[in-house]
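Below is one structure; the comments refer to it alone.
The values are calculated or read from the model by the stated rules, or taken from the named source; none is laboratory data. What you are looking at is a predicted structure, and each value in this text was computed from that prediction instead of being measured. All Cβ positions, glycine included, derive from the backbone under ideal geometry; neighbour counts span all protein chains shown.
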Amino acid sequence: MRTALASLALVFGLSFSLSAAPVKTGFGEVDISPDIGMERPGGYGKGYHQAFHDPCKARAVVFDDGEKPVALVGLDALIVVKQHVEKVRKRVAEKTDIAPEAIMIGASHSHSSGPTGMVQQGDLDHADELVRDLAYDQSSSADPIYVERMIDGITRAIIHAWETRSDLSVGFGRGEEDGISFNRRWRMKNGLTFTHPRYGNPDAIETAGPIDPEVGVIAAWDENGDMIGCVVNFACHATASPRGISANWPWAMEKVIRGTFGDDVVVVFLNGNSGDVTQVDNASPYQRVGGRPDAMRVGGTVGAEVVKVILGMNPTGWTREATLDFRQKNLQIPRRKPSPERLATCREIVKEKPTEAKALNDWIWAKEIVILDALIQKEPIRSVEVQTIQIGPAVFISNPAEYFCEFGLQQKEGSKFPFTWPVSLANDCVGYVPTSEALGPNGGGYETRLTSYSNLVPEAGDQIRDTGIALANDMKPDAITEPAPTAKFSAGWRYGDVPPELD
């Protein structure tokens, strides 16, 4: 039977799928915490974990209609790269019926997680001794032992979700939380755009980009009405770091959700387009409190909104049927290249390690240019995967970047799906991908720096955006399942239809 929404779709010429099939759903999670002493990722130099706060995990959900099963993975990691994803996809395909191109793996971008980057072992083996030293010994690097732990953990989480899939009821919803994420880029009086100008800066005029307040949720319940797991999509940097190894603020989000629905609930978090969005409010007049309190503030607030969304899902609107589908396309996008003059200057700078803080800053960015030049010699054009996965009325659109928030809003506007949820840093990592405006005459800021991590041409963001929209719109969304209507009126509540009684 068509829902009312599907009927309206026919009236207004919208295209909805009316052939949803029964779906089995399963969840799995595996601890992938790094060891004390392993590298702490997220910077341009080396740092090491000295304490433990909470576990990092790989969390997976599988949806299976018997024809096109799909898997979504939320990963407590700074980044995941293509070669890691390819190994997972291959191993999962050998053990399940899930096609490699039907698996989406999104890193949360936790700055307090395990050593998955920035430099990958082997990437600079072709370069000279100076470059190899800069890359492997002076930069944040992936740890092969940890990487294998992560790959194994992701694989086991997906396989567990596959093996435990069952007839769960699924609900879809969205909420809004606009008080804990902020665009960190500001337009300045000098005509440029700066990142984190800080409160009280007299030259700061206004924020230079939007946030995305939408909290997207898919929840799944068993036959007893107990929630088994959920998928959450929200856009905010995971840089509210508790002291030590941690999933970052998604830890507190999970804590709140599990506090309501049970300690065994699996929370698959997929970060939205948060390349220019963090939890830091540059307009706040109050001293910033970081660490655990900050993680609790951000994650607890998002978690509370997730709980509200889930509790607002009328059980008569839950469904066990959904259309599953997926698309994938690899774009070939050139890197930006440093000028020969700049490269020569940078090579001179990095020949000696600096002894002063100011010189260290110059040395770091020079190091990045030298490493970038070596990467360009090996791979001048990056292969950039864009993927879409459909679950009923929802579509997840991937990008392998710290992608600017504005692109996600544009994808939502261009998609015909009732629920469109971008997933950043998914299936690979190509660094920051700003808007062409941010890389133009009035742009600037941290995200636009040319580094070994972030270096695609200005047109990259538009190409990724348009490809994601096209892949999404090549699929037909299900109509949203509406809750059962109330019974036809027959009579009011007999206890309540009386006049006031005063004596």
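Okay, here's what the table says:
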item: Residues of region 398-408 satisfying the condition of being closer than 15 Å to G106 by Cβ and assigned to a loop (DSSP other than H, G, I, E, B); result: N399, P400, A401
item: Hits in region 438-481 (condition: among the polar types (S, T, N, Q) and either closer than 27 Å to P338 by Cα or at pLDDT 95 or above (or both)); result: N442, T448, T451, S452, S454, N455, Q463, T467, N473
item: Per-region count, region 369-422, residues more than 30 Å from E176 (Cβ to Cβ) and either in contact with a helix residue (DSSP H, G or I) (Cβ under 6 Å, 6 or more places away or on another chain) or surrounded by 24 or more Cβ atoms within 10 Å (Cβ to Cβ) (or both); result: 5
item: Where Q463 falls short, out of the listed (1) among the polar types (S, T, N, Q); (2) touching a helix residue (DSSP H, G or I) at 6+ places or on another chain (Cβ under 8 Å); (3) within 24 Å of H237 (Cβ to Cβ); result: (2)
item: Of all residues making up region 185-214, the number that are surrounded by 14 or more Cβ atoms within 10 Å (Cβ to Cβ) and either closer than 30 Å to R91 by Cβ or of a type in the set (D, E, K, R) (or both); result: 4
item: Options G74, G13, G42, G26: the member that is modelled with pLDDT under 95 and within 25 Å of the chain's Cα centre (by Cα); result: G42
item: Residue list for region 409-463, restricted to those being part of a strand (DSSP E or B), in contact with a Ser or Thr (Cβ under 8 Å, 6 or more places away or on another chain) and either of a type in the set (F, W, Y) or not assigned by TED's automatic domain parsing to the domain that holds T193 (or both); result: Y432
item: Residue check for G216: more than 18 Å from L311 (Cβ to Cβ) and touching a residue at least 60 places away in the same chain (Cβ under 8 Å); result: no
item: For I245: the one exception among (1) surrounded by 16 or more Cβ atoms within 10 Å (Cβ to Cβ); (2) closer than 30 Å to A394 by Cβ; (3) within 21 Å of the chain's Cα centre (by Cα); result: (2)
item: Some residue of region 485-502 being under 28 Å from the mean Cα position of the chain (by Cα) and either farther than 27 Å from R327 by Cβ or not β-branched (V, I, T) (or both); result: no
item: Which listed residue is of a type in the set (V, I, T) and either outside the structural domain of T420 (by TED's automatic domain parsing) or surrounded by fewer than 21 Cβ atoms within 10 Å (Cβ to Cβ) (or both), from T319, T323; result: T319
item: Pairs with Cβ under 7 Å, 6+ apart, first in region 343-358 and under 15 Å from D133 (Cβ atoms) and touching a residue at least 24 places away in the same chain (Cβ under 8 Å), second surrounded by 10 or more Cβ atoms within 10 Å (Cβ to Cβ) and among the aliphatic types (A, V, I, L, M); result: C346/A366; C346/I369; C346/V370; R347/V370; V350/L134; V350/A366; V350/V370
item: Single condition Q332 does not satisfy, out of (1) surrounded by 14 or more Cβ atoms within 10 Å (Cβ to Cβ); (2) under 31 Å from the mean Cα position of the chain (by Cα); result: (1)
item: Test result for G225, at pLDDT 95 or above, in a loop (DSSP other than H, G, I, E, B), farther than 28 Å from P315 by Cα and over 15 Å from the mean Cα position of the chain (by Cα); result: no
item: From the options I159, I145, residue that is β-branched (V, I, T), closer than 19 Å to V267 by Cα and assigned by TED's automatic domain parsing to the domain that holds A208; result: I159
item: Qualifying positions in region 158-184 - in a loop (DSSP other than H, G, I, E, B) and either of a type outside the set (G, A, S) or closer than 26 Å to V88 by Cα (or both); result: T164, R165, D167, L168, E177, D178, I180, R184
item: Test set (1) outside the structural domain of I218 (by TED's automatic domain parsing); (2) hydrophobic (A, V, I, L, M, F, W, C); (3) within 30 Å of P69 (Cα to Cα) - C405 fails condition number; result: (1)
item: Check on V386, assigned by TED's automatic domain parsing to the domain that holds V23 and in contact with a Leu (Cβ under 6 Å, 6 or more places away or on another chain); result: no
item: Residue in region 210-221 that is in a strand (DSSP E or B), out of contact with any helix residue (DSSP H, G or I) (no Cβ under 6 Å at 6 or more places or on another chain) and among the charged types (D, E, K, R) present; result: yes
item: Hey, D428 at pLDDT 95 or above, among the charged types (D, E, K, R) and surrounded by fewer than 21 Cβ atoms within 10 Å (Cβ to Cβ) or not; result: no
item: Selected residue (criterion: farthest from I369 (Cα to Cα)) from residues of region 140-156 that are among the polar types (S, T, N, Q) and out of contact with any Gly (no Cβ under 7 Å at 6 or more places or on another chain); result: T155
item: Filter result for R174 (surrounded by fewer than 19 Cβ atoms within 10 Å (Cβ to Cβ) and under 21 Å from the mean Cα position of the chain (by Cα)); result: yes
item: Count - residues of region 289-346 that are out of contact with any strand residue (DSSP E or B) (no Cβ under 7 Å at 6 or more places or on another chain), in a helix (DSSP H, G or I) and hydrophobic (A, V, I, L, M, F, W, C); result: 9
item: Residues of region 400-417 classified as closer than 29 Å to R320 by Cα and either within 13 Å of the chain's Cα centre (by Cα) or modelled with pLDDT under 95 (or both), total; result: 1
